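Please treat every number below as a calculation from the coordinates, not as lab data. Quick caveat, the model's predicted, so the values are computed rather than measured. Cβ placement follows ideal geometry from the backbone for every residue including glycine, while neighbour counts extend to all protein chains displayed.
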């Protein structure tokens with residue numbers, strides 16, 4: 001970005017960068033078919049959560065095993081808020097019709113997602129982030145495992161295993177000729193992802209980000225330098241929770257539903273894989289990781305179907321094979337390339353820039 | 001004035017003609033215990049405004065524990081600590097606002113960050129300068145950090161990752177990080193450890209400059225020559241107790257101090273102490289806290 | 001009242017299993033300074049082996065033995081093959097690698113055995129004894145209690161009275177000094193993992209017959225329960241694991257008994273969050289442990 005507009009630095013540059021990426025993403029949707037656009041929307045949703053998790057772990061060293069539950073919180077927040085607005089609008093619930101109502105619903109839903117995931121993030125952060133070590137990880141693990149039970153206990157509001165439905169958002173009449181449904185949803189997803197990414201980058205570069213990195217570097221020295229370590233870690237956790245909540249809201253909008261089954265422990269671990277493989281702390285890495293985590297299972301599924309295996313074996317492999325690969329990937333990447341894809345790329349660049357100028361290529 | 005095996009705090013009298021300021025640091029009957037082990041027993045001393053005081057003693061005497069207590073990193077079992085006349089904040093995060101800065105034996109630099117970023121951290125909260133005697137709030141953290149780094153000769157290293165620096169340079173960065181908040185009390189934990197002669201001379205000059213600005217300095221050191229040349233007063237700890245306190249020359253000649261360092265009694269045989277009789281090289285071993 | 005007595009008694013039996021599993025977490029924490037998030041998955045592998053052996057030979061005891069053996073072997077394999085290569089000093093890579101292991105093990109079991117829950121037969125009757133007309137403990141519960149107490153006693157003796165135990169504690173507490181004194185620290189580390197893994201396998205094996213059935217995810221809740229025990233009692237404290245296990249076991253059984261099984265995971269979560277929010281030092285543990 002800076003090569004294009006070198007005089008623009010700091011916050012404006014980041015905002016411009018976010019906008020540019022959003023436009024790029026929107027442009028891409030025109031060349032993709034509907035199913036690919038749907039996948040793009042899913043990847044963008046995963047990206048929101050992965051980016052939040054990656055920044056959390058990379059910046060403050062806190063591991064969350066329950067980010068799927070935070071996405072779920074965002075999803076439920078979206079469904080509840082959007083349905084509420086829908087119920088209040090004229091003409092009753094369900095169909096969109098009025099473009100204005102659609103926008104209001106979506107915005108209300110996103111606000112609801114931010115609030116619910118933010119509050120949950122705050123509670124978790126207060127409980128676990130002040131301590132060092134594995135306690136936050138264990139707490140978030142307990143949360144994601146308990147999610148189905150939570151929705152069952154709060155069946156009245158959260159709908160138990162069935163979950164909740166969210167209003168269907170059709171393409172606004174003005175754009176109906178230009179844009180297909182999946183493309184429209186992809187646009188919303190991309191915008192949400194840009195907002196999340198921009199927010200996270202701004203956080204990383206801010207004073208708060210500096211304090212977070214200090215706490216991660218040496219917590220005692222950070223406290224002696226005046227950094228309120230506990231508070232800083234909680235802020236980081238809340239930021240990552242809200243980012244995940246946005247992702248959950250997008251998923252809810254695209255699928256028109258949210259249920260505990262969609263946000264399992266396996267999903268949470270998948271987010272960890274995406275963050276680690278991409279490179280902890282790197283947003284570009286988070287994008288790569290999210291793509292891998294969405295596309296690889298689909299790829300594996302296609303391969304196993306093509307192999308024409310007996311149905312029982314097929315059933316057993318489905319899902320499990322992908323998880324096996326991801327688990328192995330997690331172990332191998334952590335041991336061999338701790339910086340993930342982003343780290344490997346940075347190392348290559350550094351090595352290249354240090355090559356003696358006499359070398360001709 | 002020298003006291004042996006006494007716990008009466010020797011308070012320096014006010015210089016005639018100047019207004020009395022409360023002592024920068026008052027440690028009164030401080031006792032710290034870890035489980036069954038008494039690390040500090042009834043320790044008392046003061047650091048006056050603008051004074052440089054050295055805290056010396058054999059390994060395991062409790063010097064770093066004193067620092068940890070002042071910084072709120074350990075809770076004392078008894079006694080009190082006052083900073084500038086007020087009770088010391090019990091929490092390390094409030095030290096910067098109270099005008100206190102400390103270096104750590106292990107340096108505690110923030111890995112993964114550059115030199116400049118490391119030095120900017122204490123200014124990130126904006127608490128620096130709110131209570132210190134040199135109290136103008138730095139407007140621009142980056143400018144203040146760069147100024148401090150320039151002062152310590154680290155200008156060329158400003159954007160280097162701190163993990164890639166040599167040990168003496170890392171020590172300078174740690175010192176810069178402490179000085180950037182313009183503290184009124186500087187706690188230096190073995191600043192000369194692991195440094196060569198030139199670096200030690202440079203360090204001594206820096207400490208003198210800082211003291212000349214009016215900052216009080218309390219330093220823990222093994223390097224006796226370095227300390228004797230720099231300190232207004234020396235406090236000697238052994239086994240968690242103050243065994244001597246006074247100007248460097250008097251302490252040097254105190255037989256109790258010699259005994260503690262040279263290990264005359266059988267129970268201290270083989271300990272890694274050093275004293276004036278030993279060639280005054282520093283040993284940068286990690287002192288037990 | 002009858003119900004209360006029954007629930008309390010069952011809670012104690014359940015708590016003994018939690019305490020045993022938590023103890024395995026304490027052992028590996030003290031030996032390797034790592035919370036082994038893969039403990040549950042490793043234990044389930046051992047239980048599957050036991051299931052197979054019992055099915056093949058008809059003997060529960062052979063199954064039990066093979067579970068312990070599998071646990072021990074897994075401990076060696078995981079420690080030497082994986083954990084050994086994790087950079088020390090930072091707890092994060094160890095946790096992430098353990099998560100990776102969980103995924104590999106659980107998906108592997110899923111691929112081999114499918115998703116169904118296989119009911120496991122207990123070696124003793126699971127219907128409760130009646131004391132004065134009041135159902136109290138079943139023979140199986142008594143068996144579980146006896147085994148748990150015996151194992152905890154043996155471990156206590158091992159750690160406090162034997163030379164091996166002394167070496168284990170020394171290498172965990174001060175590895176460099178122990179090395180200088182002739183203790184084979186790497187071997188002690190492996191032994192710590194072996195003990196921990198075997199004990200976890202035993203705990204899981206004791207638990208599964210009382211659950212719906214054996215499947216790849218059987219130990220997920222057990223891990224969460226044991227982790228909660230560790231939080232309540234302190235990761236560093238074996239006595240804390242014991243007391244914490246009883247507390248959590250009784251509490252969970254009461255919740256399940258009066259509010260239903262669906263509520264149980266929520267109750268654990270609430271308990272965990274409450275303890276962390278209100279008494280982060282843990283109810284029984286020393287404050288230093290929490291900040292480490």
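Brief remarks on what is shown
- Using alpha-carbon coordinates, inclination of helix A:340-353 to the longest axis of chain A, degrees: 40
- Take B:209-220, A:342-353 and order them by the average number of nearby Cβ atoms within 10 Å per residue, most first; the result is B:209-220, A:342-353.
- Summary value for the stretch C:39-147: 18 percent relative contact order, contacts being C-alpha pairs under 8 angstrom separated by 6+ residues.
- Helix C:2-32 and the longest principal axis of the C-alpha atoms of chain C enclose an angle of approximately 10°.
- Length-normalised contact order of the stretch A:169-266 in % [C-alpha pairs under 8 Å, at least 6 apart]: 28
- Average other protein chain Cβ within 10 Å of Cβ, residues A:147-160: 3
- For the stretch A:11-264, the fraction of alpha-carbon pairs in successive 5 Å shells from zero, as %: 1, 7, 13, 17, 17, 16, 12, 9, 5, 2, 1, 0, 0
- Residue-averaged [θ]222 nm for the protein assembly as shown, counting only DSSP H segments that reach four residues, each worth -39500 (n - 2.57): -19500 deg cm²/dmol
- Whole-angstrom Cα spans of the stretch C:63-103 along principal axes, big to small: 37, 19, 13
- Using bins of 10 Å that start at zero, the share of Cα-Cα pairs per bin across chain C amounts to 7, 28, 36, 22, 6, 1, 0, in whole %.
- Two numbers describe the Cα atoms of the protein assembly as shown: Rg and Dmax, which are 31.3, 99 Å.
- GNM result for chain A, Cα springs below 10 Å: residue of A:161, A:308, A:218 fluctuating most strongly: A:308
- For the listed peptides A:196-207, C:102-113, a ranking on the average number of other beta carbons within 10 Å per residue, highest first, reads C:102-113, A:196-207.
- Between helix A:207-217 and chain A: long-axis angle, C-alpha atoms, 0 to 90°, nearest 10: 60
- Residue C:113 versus residue A:312: modelled label distance in nm, points set 7 Å from Cα along the beta carbon direction: 1.6
- FRET efficiency, residue C:4 to residue B:166 (Cβ-Cβ, R0 60 Å, nearest 0.05): 0.30
- With both residues required to sit in the protein assembly as shown, DSSP beta bridges show an antiparallel share near 65%.
- The simple Förster model, with R0 at 56 Å and r as the Cβ-Cβ distance, assigns residue B:155 and residue C:278 a FRET efficiency of 0.65.
- Put the Cα centre of the stretch C:181-226 next to the Cα centre of the stretch A:321-335 and the gap is 22 Å.
- Once the gyration tensor of the Cα atoms in the stretch C:78-146 is diagonalised, the equivalent ellipsoid follows with semi-axes of 41, 19, 10 Å, ordered largest first.
- When each of the peptides C:201-209, B:108-116 is scored by the mean number of other C-beta atoms lying within 10 Å of its residues, the order from highest to lowest reads C:201-209, B:108-116.
- With a 10 Å cut-off around each Cβ of C:267-275, the average count of Cβ atoms from other chains is 5.
- For the stretch B:169-248 versus the stretch A:216-287, the inter-centroid distance based on Cα atoms is 43 Å.
- The mean sequence distance of close C-alpha pairs (under 8 Å, at least 6 residues apart), as a share of the length of chain C, puts its relative contact order at 36 percent.
- Cβ neighbours within 10 Å from other chains - mean over A:206-219: 5
- Compactness of the stretch A:105-193, expressed as Rg and Dmax over alpha-carbon positions, Å: 17.9, 55
- Using only alpha-carbon positions in the stretch C:218-272, the gyration tensor eigenvalues give semi-axes of 20, 11, 9 Å once each is multiplied by 5 and square-rooted (largest first).
- Projected label points at residue A:15 and residue B:82, each 7 Å from Cα along the beta carbon direction, are separated by 5.2 nanometres.
- Rg then Dmax, both in Å and based on the Cα atoms of the stretch A:234-361: 18.7, 62.
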